[in-house]
Amino acid sequence: MKTLKNYTLVFDNACPMCTVYSKAFVKAKMLDESGRKSYQQMSNEISSSIDTDRAKNEIALVNTQTGEVFYGIDSIFKILANAFPIFGPLFNFQPFKWLMKKVYSFIAYNRKVIVPGNDKNDTCVPDVNLTYRWAYILIAWLLTSLILTHYSYHLIGLVPPTKFFREFIICGGQIIFQSGVIFLLAKNKILDYLGNMMTISFAGALLLVLFLFIGKIFGFRNPYLYAGVFMSVAGLMLLEHFRRVKLLGIHWSASAGWVIYRLIVLWIIL
């Protein structure tokens, strides 16, 4: 595996995802020890070479000798193609490159709502791209609804049988309900809040998927066990909701609204 010399990857150190994967490049020796610098602490020489506004949305890779800069997926492909030359033609294949650019942008523009950082003075905040934000909310909404529909089969006897449409409407209703709550509390943060809320919902759904696999392996069939796991996951989700609302600087009553909506839905279902 070849190390890319004389290049510096400018990452966002207030973004846990960016920190992890940029560090992984160094540990894997795809970049040398000085091959990564944080956006927040980069030198004047590097900052003068890059478009700092663009670098907030697309990670920048700077040639420290020539000043040439790659952004976004081109930065990632530059590192990977150097380490694995066999994949060079694939990375230059335009349909694949176009698709990966969309995937990269989908993650990059939503990175702060997928895994938020704790730095309140963060200076590397991506623009709010409405297309990618609503795409993220919709995908999380769809996948969460599908998982909950499947999980509900194990709760039959405790709650009425359900179908995808009902779970889809319940998840969508929460988006509408909480949008109203946040409009009253901090209307300029609605999209950031909704992105975080759907991350919590999807993360909770993934935990349920994990238990479904465990249940299948060990043959669990007791609906009370599945209900207990569901309530435990809901409790973890509430704690994470409190944490993220605090990070966003929104009043804690947003979490109260989140609970109230779920209690209303439970009352209607039962």
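FYI, it's all coordinate maths here, none of it is from the lab. Remember, predicted model here, so these are calculated numbers, not experimental data. Glycine gets a Cβ as well: all are built from the backbone with ideal geometry, and neighbour counts include every protein chain shown.
If you fit an axis through the alpha-carbon atoms of helix 16-27 and take the longest principal axis of the Cα set of the chain, what angle between them do you get, 0 to 90°, nearest 10?
Orientation of helix 16-27: about 40 degrees from the principal axis.
Express as a percent, rounded to the nearest 5, the fraction of DSSP beta bridges in the chain (both residues included) that run antiparallel.
Working: 7 of 12 bridges.
Taking every DSSP beta bridge with both residues in the chain, the antiparallel ones total about 60 percent.
For the stretch 196-270 and the stretch 120-158, write down the distance between their C-alpha centroids in whole Å.
The distance from the Cα centre of the stretch 196-270 to that of the stretch 120-158 comes to 13 Å.
Expressed as a rounded percentage, what relative contact order does the chain have, with Cα pairs under 8 Å and six or more residues apart?
Details: 306 pairs, mean separation 43.2, N = 270.
The normalised contact order for the chain reaches 16 percent.
With 35 Å as the cut-off, how large is the P(r) tail for the chain, expressed as percent of Cα-Cα pairs?
Values: 11146 of 36315 pairs.
I get 31 percent for the Cα pairs in the chain exceeding 35 Å.
Relative to the longest principal axis of the C-alpha atoms of the chain, give the angle of the C-alpha long axis of helix 130-152, reported between 0 and 90° and rounded to the nearest 10°.
Between the helix axis and the principal axis of the chain, the angle is about 40 degrees.
Rounded to the nearest 500, what is the 222 nm mean residue ellipticity of the chain from helices alone, with -39500 (n - 2.57) per DSSP H run of 4+ residues and division by all residues? Don't jump to the answer; show the numbers that get you there.
Numbers: 11 runs with 176 residues, N = 270.
-21500 deg cm²/dmol, from helical runs alone.
Take the Cα gyration tensor of the stretch 119-232, multiply each eigenvalue by 5, square-root it, and list the three semi-axes largest first, rounded to whole angstrom.
Values: eigenvalues 199, 51, 31 Å².
Each semi-axis is the square root of five times an eigenvalue, giving 32, 16, 12 Å.
Which FRET efficiency value, to the nearest 0.05, is calculated for residue 84 and residue 218 with the Förster distance at 35 angstrom and r the Cβ-Cβ distance? The partial results should precede the final answer.
Numbers: r = 40 Å, r/R0 = 1.15.
About 0.30, to the nearest 0.05.
Relative to the longest principal axis of the chain, what angle (0 to 90°, nearest 10) does the C-alpha long axis of helix 253-269 take?
With both axes taken from Cα atoms, the answer is about 40 degrees.
With label points built 7 Å along Cα→Cβ from the Cα atoms of residue 5 and residue 238, find their separation and express it in nm.
Simple spin-label model gives 5.9 nm for this pair.
Tell me which cysteines of the chain come out unpaired when the rule is another cysteine's Cβ under 4.7 Å.
When partners are defined as cysteine Cβ atoms under 4.7 Å apart, the chain leaves 124, 171 without one.
Pull out the extension gain between residue 93 and residue 164, defined as 0.36 nm times the separation in residues minus the alpha carbon to alpha carbon distance; nm, one decimal. Each step should come with its number before you reach the end.
On the way: separation 71, 0.36 × 71 = 25.56 nm, distance 3.82 nm.
Value of the extension gain: 21.7 nm.
For residue 54 and residue 225, what does the FRET efficiency come to when R0 = 51 Å and r is the distance between their Cβ atoms, rounded to the nearest 0.05? Working shown, then result.
Details: r = 51 Å, r/R0 = 1.00.
According to the calculation, E is roughly 0.50.
Please report the relative contact order for the stretch 36-178, taking Cα pairs under 8 Å with a sequence separation of at least 6, and give it as a percent rounded to a whole number. Walk me through the intermediate numbers first.
Working: 96 pairs, mean separation 24.8, N = 143.
That works out to 17 percent.
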